[in-house]
1. Measuring nothing but label to label, 7 Å from Cα along Cα→Cβ, what are A:ALA176's distances to the other copies in nm, shortest first?
2. Over chain A, calculate the relative contact order: mean separation of alpha carbon pairs under 8 Å at least 6 apart, over the residue count, as a percent.
3. Taking only the alpha-carbon atoms of the stretch B:213-270, what semi-axes of the equivalent ellipsoid follow from 5 times the gyration tensor eigenvalues under a square root, in whole Å, largest first?
4. For the stretch A:182-288, which trypsin sites (Lys or Arg not before Pro) are both in a DSSP coil and crowded by at most 12 other Cβ atoms within 10 Å?
5. Please report the relative contact order for the stretch B:162-292, taking Cα pairs under 8 Å with a sequence separation of at least 6, and give it as a percent rounded to a whole number.
6. Let me see the pair-distance distribution of the stretch A:1-105: every alpha carbon pair, 10 Å bin width, integer percents in order.
7. Could you give log10 I(q)/I(0) at q = 0.10, 0.13, 0.15, 0.16 Å⁻¹ for chain B, computed by the Debye formula over C-alpha point scatterers of equal weight, without solvent?
8. Percent of Cα-Cα pairs more than 38 Å apart in the protein assembly as shown, please.
Protein chains: 2
Amino acid sequence: MTARPAPVIGLDRLSLNQATVKHLGLAEAAALCARHGIPAIGLWRDRVAEAGLAEAAAAVRGAGLHVSSLCRGGFFTHADAEGRRAAGADNRAAVIEAAELGADTLVLVCGGLVPGSRDLGLARRIVADAIGDLVPEAQRLGVRLGIEALHPMFCADRSVIASLGEAIDLAAWFPADAVGVVVDTYHVWWDARLADDIARASGRIACYQVCDWILPLPADTLLGRGHLGDGVIDFGPVSAAVTAAGYRGYVEVEIFNADVWAAPADQTAGTVRARFAAAFGSGEPGRPGPAG
Amino acid sequence: MTARPAPVIGLDRLSLNQATVKHLGLAEAAALCARHGIPAIGLWRDRVAEAGLAEAAAAVRGAGLHVSSLCRGGFFTHADAEGRRAAGADNRAAVIEAAELGADTLVLVCGGLVPGSRDLGLARRIVADAIGDLVPEAQRLGVRLGIEALHPMFCADRSVIASLGEAIDLAAWFPADAVGVVVDTYHVWWDARLADDIARASGRIACYQVCDWILPLPADTLLGRGHLGDGVIDFGPVSAAVTAAGYRGYVEVEIFNADVWAAPADQTAGTVRARFAAAFGSGEPGRPGPAG
């Protein structure tokens, strides 16, 4: 990465992705953020559905929160036309939800190989086609799609879009206000081309998500994420590159980790704030939560 | 990948990496290859040391085998000068062993982050320096170093060289006959830039290793490799690209997998042959081994 000095990112740009407190319902997660002075939240569709869309929107607005992302659309790579049609319909519903919630972006996890196929090119063409089909609805409702590059270890089963460079190449086919990319440190930290690719993503970064890469990788690799500082990722250079690329949005902490999930949510929120302040130099040691 | 037709690769180019039959000593592995008409073998230094270098060289020559690779040098990224000096000495010893064995390449697994550091750039500079220090000895003894890009999930702890493109960029600093790259399907299959990078590696491919990516990934991700055909990798396009890049050497089957290791070695060798013939179109259904 570049030798650019790490930018200060204040706690006013912190967002808590609700997957970090997986066991809380939407209203509880919103209240948690409000209680800990966290100004934004990343929402998940299953929790929105559980609460009801209008009620969810009212709950986050009532808590004074901004919605930095809605997770997630995607999973486009079905073998049959019927499956692809159903995925299209589900993604159009996700766009409507993102609009209603005022989310900065609808995160797209694009899907792995087509079942029964080893053809990466086919899967990638299906993804490109599906995003192309979705863009008009996103534009109509003013929702920005965020293509998330997942770590290559998820290429077979979750996302054939496996590097930031590839996500940018795909996003570049569409207007920048309709399709951007999600930079998630967990997925892209290893990439020797990361600084160049982030620079290339200027004007296209729809969301910046952070968590740490911890060792050893747990048995369920989906859950190998840690609080900022518990792992090996050097957040400064990535944040410097993202900032230099013009990103001024929220920085979303999203941690899938069985131990984090087992901790009391107020303790987790306190740790998220403190680690964010330490990693991004906002100079506040983190305000302890009421139960933290 | 490209639409180039998959090339036929005959069984006369099959090599068995001895890690696939991990529980066999060197002489047993050499005898296994001879028994199954496998003309080449990839050796591991621990098994060579156990047999004795001169005895190992005599055993593989006696069995009529070619040595397609010696695994492995590398692990350069130590925190202290003493550790780096020791790694340098160990790698020079590996070069001597590779020369004595007549190995086509000494495979380099370069090492992860420097202990106590999150600086990927530092680790990569240490790797580059260490390879530069090793090249004169390799040239003196006529040994070709093969930089292996490992899958990005091993970036933190095993290899900061995490994509084929990066391995090529590094190798390109040195003469092509001294430093090449290892293309291992398990590590690079997911990469959207793979076809372009393999083309760029023309004249630099020191070894082509194959095994499959199986799902789900096991708890120990080092062992998530399968026999050709048991996973999701489409070997045809990769082989076509490697062939178009001028590679005419052995194709080494290297499988780390607890179930494969638990199987009788003759059965494994028979399966390796049969799957190789199926994957690379050599038209022979695989000669069953004596015990297969």
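1. 4.0
2. On the way: 629 pairs, mean separation 62.8, N = 292.
21 percent.
3. Details: eigenvalues 117, 47, 17 Å².
Semi-axes, largest first: 24, 15, 9 Å.
4. Values: sites: A:ARG193, A:ARG200, A:ARG204, A:ARG225, A:ARG248, A:ARG273, A:ARG275; in loops: A:ARG193, A:ARG204, A:ARG248.
Qualifying residues, ordered by number: A:ARG248.
5. Numbers: 198 pairs, mean separation 27.7, N = 131.
Relative contact order for the stretch B:162-292 comes out at 21 percent.
6. Spelled out per bin, shortest first, that is 15, 40, 25, 15, 5, 0.
7. -0.49, -0.86, -1.17, -1.34
8. Details: 57714 of 170236 pairs.
Tail fraction, whole percent: 34.
The values are calculated or read from the model by the stated rules, or taken from the named source; none is laboratory data. Here the structure is a predicted model, which means the values were calculated and not measured. Don't worry about glycine lacking a Cβ; one is built from the backbone with ideal geometry, like all the others, and counts go over all protein chains shown. For accessibility, only protein heavy atoms count, side chains too; no ligands or nucleic acids. Shrake-Rupley method; radii C 1.70, N 1.55, O 1.52, S 1.80 Å.
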